[in-house]
1. Between 41, 7, 68, whose Cα lies farthest towards the positive end of the dipole of region 7-75 when Lys and Arg beta carbons carry +1 and Asp and Glu beta carbons carry -1, centred on the Cα centre?
2. Can you list the residues, at least 5 places off or on another chain, whose amide H is less than 5 Å from the amide H of residue 8, using H built in the peptide plane?
3. So what's the angle, to the nearest 10 degrees on a 0 to 90 scale, between helix 70-79 and the longest Cα principal axis of the chain?
4. Obtain the radius of gyration and the Kirkwood radius of the chain from its C-alpha atoms and give Rg over Rh.
5. GNM, the chain, Cα, under 10 Å: largest mean-square fluctuation among 52, 34, 17?
6. To the nearest 500 deg cm²/dmol, what mean residue ellipticity at 222 nm is calculated for the chain from DSSP H runs of n ≥ 4 alone, each contributing -39,500 (n - 2.57), summed and divided by the residues?
7. Report the relative contact order of region 14-75, percent, no decimals, based on alpha-carbon pairs under 8 angstrom and at least 6 residues apart.
8. Distance from the Cα centre of region 42-79 to that of region 1-37, in angstrom?
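Every number here is computed from the coordinates shown, using simple stated rules; none is lab data. A quick note: this is a predicted structure, and the numbers were derived from the prediction, not measured. Neighbour counts run over all protein chains shown; Cβ positions are idealised from the backbone, glycine included.
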Amino acid sequence: MNRTPTVTSAEHLGDHRLLVTFSDGTRKAIDFTRWLKGPVFEPLKDPEYFRRFIVDGWTVSWPNGADIAPEALYDYAEESRPAA
């Protein structure tokens, strides 16, 4: 069974975009706008709050408990343009 890589680091690129590095060495620029729906993600619409992200050992998360599964990030990154 293939195991989805976890997030090892992330850098803010502006707006709601992060450059995410996965445990397999893949680096992708990801626009998080698509996930900013619903009550738990509402605070992330504020760019200042969005920048308060952390890498919690397996994915990107925020102080209010919002996070995106690394599988979703990795799959979406595969659909996105690779970071330079």
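1. Of 41, 7, 68, it is 41.
2. 21, 22, 23
3. Helix 70-79 sits at roughly 70 degrees to that axis.
4. Rg divided by Rh gives 0.94.
5. Evaluated over the chain, the most mobile residue of the options is 34.
6. Mean residue ellipticity at 222 nm (helix-derived): -4000 deg cm²/dmol.
7. Working: 60 pairs, mean separation 13.4, N = 62.
Answer for region 14-75 is 22 percent.
8. For region 42-79 versus region 1-37, the Cα centre distance is 8 Å.
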